[in-house]
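The values are calculated or read from the model by the stated rules, or taken from the named source; none is laboratory data. In this text, all values refer to a predicted model and were calculated from it rather than measured experimentally. With ideal geometry, Cβ positions are generated from the backbone for all residues, glycine too; neighbour counts draw on all protein chains shown.
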Amino acid sequence: MSLAASIAPHLPSLRRFARLLAGSQQAGDVAVKRVLEAIIAAPSRFHHLPPRVGLYQCFLNAFSARLEDPAAQAGEIGATAARSLAALPAQARQAFLLVSVEDFDNSEAALILEVSTRKIDDLLRQANNEIGRQIATDVLIIEDEPLIAAHLQKILEDLGHRVASIARTHKDAEAAAALHKPGLVLADVKLADGSSGLDAVNDILASFTIPVVFVTAFPERLMTGERPEPTFLIAKPFREDAVKAIVSQVLFFDQRAARGSQTDKEVGGL
């Protein structure tokens, strides 16, 4: 099997991971494109690694190098993402996302990050401690399946968040968002009345800015890199650790961006 054929099935999940780390579809997809170009130029590094492990290792090596480049931080990676990632122990969050979202085991994560398995254990503990320090927020769940909505509610409440409302339709979602002004939205892509969660979120975002995570049984359809697509996705059936990791990362970006904006205003007022 050719190298291209061996890594192609893993590209949708790598795009999800890249967007999650970078904080936007554009920045994540650009990072994946650059890594693919690097792989084509030097394929020999994959000879001793399973394709998926090698792909993620190559991506994180390139991504971390771009974060250290001020020009890249201000441009392709995005100012908000660069500011947020620079303010935390990057390896700890990368290890947490690799294990919790991408479903690598600890030994695979150690290969990807090129550290010992003991170091991975330490990084995972560090990431969990960071999550525990995050600010709780009100959450709007847009989900037409009662059992899934209840499961998401329990996970969020266990993290210390408050579920302000659960909406089953586009109309209900708009009304709930206007009433509660939540700090986070978790939205299914397909809703009970046949409407689209994507459309509901777009209408909500027309009124105010809010971080959004989409939930879908077909994430690969929204990770093609060929059109405007969601930045943050939770795949059904989901694991609690994956929801925890993605919500944590999204709120981390949002809270750091808010602090950065406040600092800019304070500096501007001096």
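Here are the numbers for this structure:
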quantity: Filter result (within 14 Å of Pro50 (Cα to Cα), among the hydrophobic types (A, V, I, L, M, F, W, C) and not in a helix (DSSP H, G or I)) within the range 96-118; calculated: Phe104
quantity: One residue from Ala192, Ala177 being surrounded by 13 or more Cβ atoms within 10 Å (Cβ to Cβ), outside any helix (DSSP H, G or I) and either without any contact (Cβ under 8 Å) to a residue 60 or more places away in the chain or assigned by TED's automatic domain parsing to the domain that holds Ser24 (or both); calculated: Ala192
